[in-house]
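The values are calculated or read from the model by the stated rules, or taken from the named source; none is laboratory data. Since the structure is predicted, the reported quantities are computational estimates derived from the model, not experimental observations. Using ideal geometry, Cβ is built from the backbone for each residue, glycine included, and neighbour counts are taken over all protein chains shown. Please note that ligands, DNA and RNA were not included when accessible areas were found on the heavy atoms of the full protein model with its side chains. Shrake-Rupley method; radii C 1.70, N 1.55, O 1.52, S 1.80 Å.
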Amino acid sequence: MGVLATATLWTLPGLLLTLALHLALCSRPHRDYCVLGAGPAGLQMASFLQRAGRDYTVFERAPAPGSFFTRYPRHRKLISINKRYTGKANAEFNLRHDWNSLLSHDPRLLFRHYSTAYFPDAGDMVRYLSDFANRLGLHVRYDTTIVHVTLEKDSQAWNGHYFVLTDQKGQAYQCSVLLVATGLSVPNQVDFPGSEHVEGYESVSVDPKDFVGQNVLILGRGNSAFETAENILGVTNFVHMLSRSRVRLSWATHYVGDVRAINNGLLDTYQLKSLDGLLESDLTDLAIVKDHKGKFHITLKFFLEEANASQSADSITLPQDDNDNFAMRVAYDRVIRCLGWKFDFSIFNYSLRLSSGNEFNKKYPLIRASYESKGSRGLFILGTASHSVDYRKSAGGFIHGFRYTVRAVHRLLEHRHHGVAWPSTEHPITQLTSSIVRRVNEASGLYQMFSVLADVILLKENAMAFEYLEEFPMQMLAQLETLTGRKARHGLFVINMEYGKNFSGPDKDVFFYDRSVGHTEDAWQSNFLHPVLYYYRHLPTEQEVRFRPAHWPLPRPAAIHHIVEDFLTDWTAPVGHILPLRRFLENCLNTDLRSFYAESCFLFTLTRQKLPPFCQQGYLKMQGLVSTERLRHHGVESRLLRDYAAMGQHLDDSSLQPGNRKPVGHHLAPGPLIQSLDRDKEEL
């Protein structure tokens, strides 16, 4: 029986079966989309792919999502705002001030339900991300460390190649599109003599008791350095902070990655002469020498180079030997490195060309404004690692910013690989002003990703209608038609949020008197964040975008309009905000965007060659705004109509002949406009 079974196996069908089993065992699992990392950016992309019904897998090396937040920040307090109350019920507006929530359609997945603290604990973020993944049923492979990524050419693949991922067990996976959301995970280090004596932020003790009565030197000038100093200020003899650049405060630069007020207690103690201090020097020029007591001394590298190799540490020349008031002549008990993080390039094969080799691209991958790798089509960088697009300019390196850039990438992929055009809404031109006003007052993506993501309005033929696209990457404007599937044949508006060009900066006085602009005619000088509209008669070319004027986010437009800054960031003032906006739009379109009563439209048909769009789309289609008693009362209360009844004016009885009487229930037409002292209000 056994011999017969063996003979059967080696027949032709048996060979085919054996071969099929071998191929099945050796083949690589294929996914259309592979996401590396189950942090905020990776989970955000997974939620979009899941909702669109795409084939994807998230690979995560830890046993749960958000592994970065299980260790960092070391002192556990996040610096992302959790503002739970705004006085508004609008969910989109509230996201402007919620810096931790990811985007979803589940109201339970708002971070405000996970912490009441204004600056939450990192543990709350871990719990939130776990719930986000579980409640949405995201496809995550935990405990899977991808150790190598390479390309495999294939003309049948979406992008002409597949991405091949190999995990710690040697299992390979094949992907059509690779989405890297691994963040910045490698500590920055500076190699100088004595650097082996330095403790890293990632491993130094966070117990203040370990620093009692010590002299501490911190290398670095960012939030991790100030966070570390804040933790030990009350127990040390003093803390000195050393870096090659001056300190940058986020309230002065308007860049959320600079030093936040919650951590800058050392600035007080330094300026108020309480022993702590800040120093500037290039770390590569220094050296650290350890004496026989275990204390650390700061010297200059060339002193070490001049010294004899056989000399003991105690006999090496120190700067104070030549200059007895050298600032760092004291000995330190500990030196701590807090120099930030960089991207881990080690797992990516050189064929992916993620780095150009210069200093900036050693920190961040080399990507386009669409967040796609410059070296490998189909490879996108998400989250903190994508911050090279708007480094020191906007919020793309932080959750409240990259949740929107991730959505933009997903929309690009939907069009490229699935033929789904960029989401848009179409409206009659009469709704243009109100659509813009609504977005600039509510939209969170515009507000947080200022000068990076912009709304685009595509005009239809004869400017009788428009198509509204939200949060498109501004620097890709020249490729808008290719990337979105939408056409820009009849002109377009681009709506962006901007700070004043000369307002922010580490050397600027952002509290100077008269820093705000209140008059409409000075709107272009607005300093605080405010909406700016660019009007183009045609889509700018790639060359125009590339060679745009210095410090301009876009090429020079046919017309530009600044909506004057507002203390409440509420751009709804009828005279100060809406009227100048409407006039600008009318000038660009050579039309009248106001709404009219049916009687006015009737008069226009007799007296004008070109009717306002409202009359064309309303009155001529028998949809005009008819006068009613309620509207008449409203007109009287707003001083737009005369109140004839209150003035005691009556129609002459002789005029009310039987042939002149009006039908019962027919309301009087509106009376003439009152001459207002304020012509702007009258125009409204």
(message) I need the full set of residues from the stretch 52-71 which are in a loop (DSSP other than H, G, I, E, B), in contact with a helix residue (DSSP H, G or I) (Cβ under 8 Å, 6 or more places away or on another chain) and surrounded by fewer than 18 Cβ atoms within 10 Å (Cβ to Cβ), in order please.
(response) 62, 64
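Search the stretch 155-166 for residues being assigned to a strand (DSSP E or B) and open to solvent by 10 Å² or more (accessible area, probe 1.4 Å), and hand back the single one that is farthest from residue 68 (Cα to Cα).
161
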(message) I'd like the full set of residues that are within 25 Å of residue 190 (Cα to Cα), crowded, with 16+ Cβ neighbours inside 10 Å and out of contact with any Leu (no Cβ under 6 Å at 6 or more places or on another chain), limited to the stretch 259-282.
(response) 260, 263, 264, 266, 267, 277, 278
(message) For the list (1) more than 27 Å from the chain's Cα centre (by Cα); (2) farther than 24 Å from residue 79 by Cα, I need the number of the one condition that residue 207 fails.
(response) (2)
(request) Could you grab me the full set of residues in the stretch 490-504 that are touching a helix residue (DSSP H, G or I) at 6+ places or on another chain (Cβ under 9 Å) and either acidic (Asp, Glu) or farther than 19 Å from residue 585 by Cβ (or both)? (result) 500, 504
(request) Hey, could you check the stretch 169-212 for residues that are open to solvent by less than 40 Å² (accessible area, probe 1.4 Å) and of a type in the set (Gly, Ala, Ser) and say which is nearest to residue 385 (Cα to Cα)? (result) 183
(request) Evaluate the following for residue 601: is it over 24 Å from residue 515 (Cα atoms), assigned to a helix (DSSP H, G or I) and modelled with pLDDT of 95 or more? (result) no
(request) Please find, within the stretch 113-144, the residue that is most open to solvent (accessible area, probe 1.4 Å) out of those that are touching a strand residue (DSSP E or B) at 6+ places or on another chain (Cβ under 6 Å), in a loop (DSSP other than H, G, I, E, B) and under 30 Å from residue 171 (Cβ atoms). (result) 139
(request) Given the conditions (1) in a strand (DSSP E or B); (2) more than 40 Å from the chain's Cα centre (by Cα), report the number of the one that residue 560 does not fulfil. (result) (2)
(request) Out of the residues in the stretch 571-599 that are open to solvent by 40 Å² or more (accessible area, probe 1.4 Å) and of a type in the set (Ser, Thr, Tyr), state the one that is farthest from the chain's Cα centre (by Cα). (result) 597
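Could we say that residue 87 is at pLDDT below 95 and part of a loop (DSSP other than H, G, I, E, B) here?
Numbers: at pLDDT below 95: yes; part of a loop (DSSP other than H, G, I, E, B): yes.
Here the answer is yes, as residue 87 does meet what is asked.
Check 442, 426, 470, 414 and return the single one that is charged (D, E, K, R) and more than 30 Å from residue 183 (Cα to Cα). Even if it seems obvious, please write down each step before you answer.
Values: 442 fails: more than 30 Å from residue 183 (Cα to Cα); 470 fails: more than 30 Å from residue 183 (Cα to Cα); 414 fails: more than 30 Å from residue 183 (Cα to Cα).
Only one candidate passes the filter, namely 426.
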(request) Tell me, yes or no, whether the stretch 191-200 has at least one residue that is assigned to a loop (DSSP other than H, G, I, E, B), farther than 29 Å from residue 301 by Cβ and not polar (S, T, N, Q). (result) no
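Filter the stretch 367-424 down to residues that are assigned to a loop (DSSP other than H, G, I, E, B) and at positive phi and give me whichever is surrounded by the fewest Cβ atoms within 10 Å (Cβ to Cβ).
Ranking the candidates gives 419 first.
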(message) Looking for something open to solvent by 80 Å² or more (accessible area, probe 1.4 Å), modelled with pLDDT of 95 or more, assigned to a helix (DSSP H, G or I) and not hydrophobic (A, V, I, L, M, F, W, C) - is there at least one such residue anywhere in the stretch 31-51?
(response) yes
(request) Check off (1) touching a strand residue (DSSP E or B) at 6+ places or on another chain (Cβ under 9 Å); (2) crowded, with 17+ Cβ neighbours inside 10 Å; (3) farther than 30 Å from residue 286 by Cβ for residue 152 and give me the number that stays unchecked. (result) (2)
(request) Please find, among 530, 538, 519, the residue that is open to solvent by 80 Å² or more (accessible area, probe 1.4 Å), within 27 Å of residue 437 (Cα to Cα) and either under 23 Å from the mean Cα position of the chain (by Cα) or at pLDDT below 90 (or both). (result) 519
(message) Out of everything in the stretch 457-491 that is under 20 Å from residue 613 (Cβ atoms) and among the basic types (Lys, Arg), what residue ends up being most open to solvent (accessible area, probe 1.4 Å)?
(response) 489
(message) Tally up the residues in the stretch 337-361 that are at pLDDT below 90, open to solvent by less than 40 Å² (accessible area, probe 1.4 Å) and not in a helix (DSSP H, G or I), please.
(response) 1
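How about the stretch 429-487: which helices (runs of 4 or more DSSP H) wholly inside it have at least 3 residues that are more than 20 Å from residue 584 (Cβ to Cβ)?
444-448, 480-484
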(message) Going residue by residue through the stretch 376-388, is there one that turns out to be modelled with pLDDT of 90 or more, within 30 Å of residue 292 (Cα to Cα) and touching a strand residue (DSSP E or B) at 6+ places or on another chain (Cβ under 8 Å)?
(response) no
(request) Report, by residue number, each residue of the stretch 72-112 that is open to solvent by less than 40 Å² (accessible area, probe 1.4 Å), over 29 Å from residue 225 (Cβ atoms) and of a type in the set (A, V, I, L, M, F, W, C). (result) 93, 95, 103, 109
(request) Check residue 154 against each of (1) at pLDDT below 95; (2) touching a Lys or Arg at 6+ places or on another chain (Cβ under 7 Å) and name the one condition it does not meet. (result) (2)
(request) Check every one of the helices (runs of 4 or more DSSP H) wholly within the stretch 220-336 and list those with 3 or more residues that are at pLDDT below 85. (result) 301-306, 319-322
(request) Evaluate the following for residue 127: is it without any contact (Cβ under 8 Å) to a residue 40 or more places away in the chain, closer than 30 Å to residue 81 by Cα and in contact with a Gly (Cβ under 9 Å, 6 or more places away or on another chain)? (result) yes
(request) List every residue pair whose Cβ atoms sit under 7 Å apart, with the two residues 6 or more apart in sequence or on different chains, where the first one lies in the stretch 134-159 and is acidic (Asp, Glu) and the second, anywhere, is part of a strand (DSSP E or B). (result) 152/161; 152/162; 152/164; 154/161; 154/162
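For (1) within 30 Å of residue 274 (Cβ to Cβ); (2) without any contact (Cβ under 8 Å) to a residue 12 or more places away in the chain; (3) touching a His at 6+ places or on another chain (Cβ under 7 Å), each residue gets a yes or a no:
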{"position": "162", "(1), (2), (3)": "no, no, no"}
{"position": "170", "(1), (2), (3)": "no, yes, no"}
{"position": "185", "(1), (2), (3)": "no, no, no"}
{"position": "223", "(1), (2), (3)": "yes, no, no"}
{"position": "240", "(1), (2), (3)": "yes, no, no"}
